[in-house]
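Colleague: For reference, the structure I am asking about is given below.
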Amino acid sequence: IAQLPDGGYAYLSNAEKSSGNGGVYGLYFNKDGEIIDYKALLTGTSRNCGGGMSPWNTWISCEEVGSGQCWQVEPDPNKPNHNSPKPTLLGGPSGGAYETVAVDNTNENKPIFFTTEDKSNGELRRFEA
């Protein structure tokens, strides 16, 4: 759930569909809890499995395919990157089959990101911002 400046919030959910039919969708609520919008925030990706919030109130969505990436999605419609999700450095140049992401933001000046791969011998990767 992403808190929005107007007191509302967005419920963000991944779509774990294959062949470029995956992505992230947002269900938007006003400050009174009423649904006011539903929209695609990331499309054209595959098997978006897990995800998590970043320290910057953006959603990170992980693709669970061999060369998958972790994408940063801006849920706030008033921010400049709202309609332009970006691949993060978490996926590296060759990507991976990512299950999910978590963030240790104990030190706000240097958050640590962790990703997992969905394989029996999958890696746990650690990235420092």
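Colleague: Pop out the carbon and sulfur fraction of the accessible area of region 1-120 as a percent, whole number, probe 1.4 Å.
Modeller: The nonpolar share, carbon plus sulfur, comes to 49 percent.
Colleague: Under unit Cβ charges (Lys, Arg +1; Asp, Glu -1), what dipole magnitude, rounded to 20 debye, does the chain have relative to its Cα centre?
Modeller: Approximately 260 debye in magnitude.
Colleague: How do 86-97, 59-70, 40-51 rank on mean C-beta neighbours within 10 Å, highest first?
Modeller: Those peptides, ordered most packed to least, come out 59-70, 40-51, 86-97.
Colleague: Shifting gears a bit: With an 8 Å cut-off on Cα pairs and a minimum separation of 6 or more residues, tell me the relative contact order of region 31-115 in percent. Show your work: numbers first, answer last.
Modeller: Values: 168 pairs, mean separation 22.8, N = 85.
That works out to 27 percent.
Colleague: Show me the three semi-axes of the equivalent ellipsoid for region 1-76, from the C-alpha gyration tensor (sqrt of 5 times each eigenvalue), largest first, rounded to whole Å.
Modeller: 24, 13, 8
Colleague: Taking a probe of 1.4 angstrom, what is the accessible area of Asp6 in Å², to the nearest 10?
Modeller: Its accessible surface works out to 100 Å², give or take rounding.
Colleague: Shifting gears a bit: Can you work out ³J(HN,Hα) from phi for every residue in region 83-97, in order, using Karplus 6.51 cos²θ - 1.76 cosθ + 1.60 and θ = phi - 60°, giving whole Hz and x for Gly and Pro?
Modeller: Once rounded to whole Hz, the list reads 9, 9, x, 10, x, 8, 6, 4, x, x, x, 9, x, x, 9.
Colleague: Tell me the label-point distance for the pair Ser84, Asn105, using the 7 Å Cα-to-Cβ offset, in nm and rounded to one decimal.
Modeller: Here the answer is 2.4 nm between the modelled labels.
Colleague: Ok, one more. Which distance in nm do the two modelled labels at Asp6 and Ala40 give, with both placed 7 Å along the Cα-to-Cβ direction?
Modeller: 2.3
Colleague: Could I ask something else about it? Regarding region 84-129, what is the average projected area of its C-alpha convex hull, in nm²?
Modeller: The Cα convex hull of region 84-129, projected and averaged over all directions, gives 3.9 nm².
Colleague: Something else: Multiplying the sequence separation of Ser18 and Phe114 by 0.36 nm and subtracting their Cα-Cα distance, what value in nm do you get?
Modeller: Contour length minus the Cα-Cα distance gives 32.2 nm.
Colleague: Starting from the coordinates of the alpha-carbon atoms of the chain, obtain the Kirkwood hydrodynamic radius over all distinct pairs and give the value in Å to one decimal. Before the final figure, lay out the partial values.
Modeller: Working: mean 1/r = 0.0673 Å⁻¹.
Mean inverse Cα-Cα distance, inverted, gives 14.9 Å.
Colleague: Going by a ≥ b ≥ c, the root eigenvalues of the Cα gyration tensor, does region 65-109 fall in the rounded group (a/c under 1.5), the prolate group (a/b larger than b/c) or the oblate group?
Modeller: In terms of gyration-tensor shape, oblate.
The values are calculated or read from the model by the stated rules, or taken from the named source; none is laboratory data. Bear in mind the structure is a predicted one, so any value in this text is a computation, not a measurement. In this analysis, Cβ positions are derived from the backbone assuming ideal geometry, glycine residues included, and neighbour counts consider all displayed protein chains. The accessibility values were calculated without ligands, DNA or RNA, using every heavy atom of the protein model including side chains. Shrake-Rupley method; radii C 1.70, N 1.55, O 1.52, S 1.80 Å.
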